[in-house]
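Would you mind keeping the following structure in view while I ask a few things?
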Amino acid sequence: RNYGDFLNLFADVKLTDSLIVRIGRQELLYGNQRLVSPLDWANVRRTFEGIKVMAKTDDWDIDGFYTQLVTVDPNDLDEADYDQPFYGCHLAYKGCESATLEAYYFGYDNDNAGPITGDFSLHTFGARLHGEIDDWLFEIEGGPQFGRQSGLGVDHEAIFCTCGVGRKLDKLLPWSPTVWLYYDYASGNNVGGDFNRFNQLFPLAHKYFGFIDAVQRSNIEAPNLLITANPTDKLSLLIWYWHFMANQDTDIVPAIGGTPPQSTGSKDLGDELDVIVKYQFGPRSNILFGWSHFWRGNKILAPNDADLFYTQWELNF
């Protein structure tokens, strides 16, 4: 809930034709939103407050920023939390005809009290390569994360990786289908020693680990199959199937919307099927129907599986 606020309130200063400085409240979005996103799915979009420097050339996009996370206050104007600075840089090279290469560093400190959820300083380095060659699609992203977990009194060492290969089949099959096979990995915490559970930072996690929101990008291994198709010019279809496994059976797999009780003796988290059907009325309006089912595995101690059905109408103006 947020009865009224500013999501974006900034000034841009153009220093040269290719260099701009942005100061104020602003949304951040990098790469495929696996680590940094405005979180378009939520009722209140995510925003930050600070300064960003943007440089653009024919082949390069380079951003550097230092901001603080803006936390939501439903009844008053939101304010930046100066105990949660988020800073870093992002580079994208677009000089290759068939691929784009991105590299980044993100730093995130949280000086608020609380083990794991606060009192830490994290540094994430990563790279992403994606592109298309003769109807074959590919994407790989990943990197290490290290720092300190002061609330636990240990160092932080973690890693994540996503690998995907896809194929456009519009020349071979009706409905112009595209098929992707992905494997997602994010480390979990071992018993004893450093803390190893990957911190997903500020992602659009809803997009990548099932629409029921049972999984974060933490302590997870997930092979998944994505199929998209267009039966007609106005009708589109998405089918996404996931198999979820904990990277470490002794650690929990955090959920986005509330983590259920979990066994510390099993890696079998479960499976999820997501289906979306969207009809495009025209250039500015569509209606969408979605259904998801989560088959719980032995790691989840809750007694029931989960179902989600939703519909939405979108109007752009």
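In the range 78-165, what GluC sites (Glu not before Pro) fall in a loop by DSSP, with at most 15 other Cβ atoms inside 10 Å?
Details: sites: Glu79, Glu97, Glu102, Glu132, Glu139, Glu141, Glu157; in loops: Glu97.
Listed in order of number, the matching sites are Glu97.
At 7 Å along Cα-to-Cβ for each site, give me the label-to-label distance between Ile20 and Phe281 in nm.
3.2
On to the next question. What part of the accessible area of the chain, given as a whole %, is carbon or sulfur when the probe is 1.4 angstrom? Provide the component values of the computation, followed by the final result.
Numbers: 9310 of 15980 Å².
Summing carbon and sulfur atoms, their accessible area is 58 percent of the total for the chain.
Rolling a 1.4 Å sphere over the protein heavy atoms, what is the accessible area per residue of the range 134-215, to the nearest Å²? Mind dumping the intermediate values first?
Details: 3660 Å² over 82 residues.
I get 45 Å² per residue for this part.
Between Thr264 and Lys207, how high is the FRET efficiency from 1/(1 + (r/R0)^6) when r is the Cβ-Cβ distance and R₀ = 25 Å? Nearest 0.05. Kindly include the intermediate steps, with their values, before the conclusion.
Details: r = 29 Å, r/R0 = 1.15.
According to the calculation, E is roughly 0.30.
Still on this structure, I have one more. Mean-square fluctuation check for the chain, GNM, Cα pairs under 10 Å: which of Ala158, Ala222, Ala99 is largest?
Ala99
Sorting Arg197, Arg217 by accessible area (1.4 Å probe), largest first, what list results?
Ranked from most to least accessible, the order is Arg197, Arg217.
Something else: I'd like the accessible area for Lys52, computed on protein heavy atoms only with a 1.4 Å probe and all protein chains in place. Round to 10 Å², please.
Ignoring ligands and nucleic acids, Lys52 comes out at about 20 Å².
Another question, then. Quick check: residue separation of Val72 and Ser98 times 0.36 nm, minus the Cα distance between them. What number comes out in nm? Present the calculation step by step, with values, prior to reporting the outcome.
Working: separation 26, 0.36 × 26 = 9.36 nm, distance 4.09 nm.
The span from Val72 to Ser98 would gain 5.3 nm if fully extended.
As an exercise, take the mean of 1/r over every pair of distinct alpha carbons in the range 77-145, invert it, and state the Kirkwood radius in angstroms. Could you put the intermediate results ahead of the total?
Details: mean 1/r = 0.0691 Å⁻¹.
In the range 77-145 this quantity evaluates to 14.5 Å.
For a Förster distance of 25 Å, can you work out the FRET efficiency between the beta-carbons of Trp41 and Phe146, rounded to the nearest 0.05?
On the way: r = 29 Å, r/R0 = 1.17.
After rounding, the FRET efficiency stands at 0.30.
Helix-derived [θ] at 222 nm for the chain: sum -39500 (n - 2.57) over DSSP H runs of at least 4, divide by residue count, nearest 500? Walk me through the numbers before you get to the answer.
Values: 1 runs with 4 residues, N = 317.
Result for the chain: 0 deg cm²/dmol, rounded to the nearest 500.
By how many nm would the segment from Ala11 to His293 lengthen if fully extended, with 0.36 nm per residue of separation less the alpha-carbon distance? Mind showing how you got there, number by number?
Working: separation 282, 0.36 × 282 = 101.52 nm, distance 4.45 nm.
Additional length available on full extension: 97.1 nm.
Under a plain spin-label model, where a point goes 7 Å from the Cα along Cα-to-Cβ, how far apart in nm are Leu137 and Leu235?
Spacing of the two 7 Å Cα→Cβ label points: 2.1 nm.
Note the full-extension length gain between Tyr310 and Asp83 as 0.36 nm times their separation in residues minus their Cα-Cα distance, in nm to one decimal. It would help to have the intermediate numbers written out before the result.
Values: separation 227, 0.36 × 227 = 81.72 nm, distance 3.68 nm.
The Tyr310-Asp83 span can extend by a further 78.0 nm.
To continue, here is another question. Which value, in debye to the nearest 20, describes the size of the charge dipole of the chain about its Cα centre when Lys and Arg Cβ atoms bear +1, Asp and Glu Cβ atoms bear -1, and nothing else is charged? Working shown, then result.
On the way: 24 positive and 43 negative charges, 119 e Å.
That gives a dipole near 580 debye.
Same structure again: Among residues other than Tyr310 whose Cβ falls under 14 Å from its Cβ, what is the net charge (Lys/Arg +1, Asp/Glu -1)?
Values: positive: Lys278; negative: Asp213, Asp274, Asp307, Glu314.
Within the 14 Å Cβ shell, the charges total -3.
Continuing with the same structure: Whenever you get a sec, line up Phe195, Phe317 from highest to lowest accessible area (probe 1.4 Å, protein heavy atoms). Don't skip to the answer; put the middle values down first.
Numbers: Phe195 15, Phe317 210 Å².
Descending order: Phe317, Phe195.
Let me ask another. Would you mind getting the accessible area per residue of the range 1-93, heavy atoms of the protein chains only, 1.4 Å probe, in Å²? List each step's numbers first, then the result.
Working: 5170 Å² over 93 residues.
Per-residue accessible area for the range 1-93 comes out at 56 Å².
Note down the net charge around Ser150, summing +1 for each Lys or Arg and -1 for each Asp or Glu among other residues with Cβ under 11 Å from its Cβ. Let's see the in-between values first.
Working: positive: Arg148; negative: Asp109, Asp111, Asp119, Asp155.
Counting the neighbours of Ser150, the net charge comes to -3.
Reachable lysines from Lys14, Cα under 19 Å, same-chain residues fewer than 8 places away excluded?
Lys52, Lys56
Under 10 Å, Cα contacts only: if you run a Gaussian network model on the chain, which one of Tyr185, Tyr279, Tyr66 comes out with the highest mean-square fluctuation?
Per the Cα network of the chain with a 10 Å cutoff, Tyr279 tops the list.
I've got another one for you. Report the FRET efficiency, 1/(1 + (r/R0)^6), for Ala113 and Leu172, where r is their Cβ-Cβ distance and R0 is 51 Å, rounded to 0.05. Don't skip to the answer; put the middle values down first.
Working: r = 57 Å, r/R0 = 1.13.
Working from the Cβ atoms, E equals 0.35.
Now a separate question. Could you check how many percent of all C-alpha pairs in the chain are farther apart than 34 Å? Can you show the working numbers first?
Values: 14307 of 50086 pairs.
Taking all Cα-Cα pairs of the chain, the fraction more than 34 Å apart is 29 percent.
Quick one: Cα centre-to-centre distance for the range 1-53 and the range 158-216, in angstrom?
So the separation of the two Cα centres works out to 24 Å.
The values are calculated or read from the model by the stated rules, or taken from the named source; none is laboratory data. Quick caveat, the model's predicted, so the values are computed rather than measured. All Cβ positions, even for glycine, are placed from backbone atoms using ideal geometry, and neighbour counts span all protein chains on display. Calculation scope for accessible area: heavy atoms of the full protein, side chains included, ligands and nucleic acids excluded. Shrake-Rupley method; radii C 1.70, N 1.55, O 1.52, S 1.80 Å.
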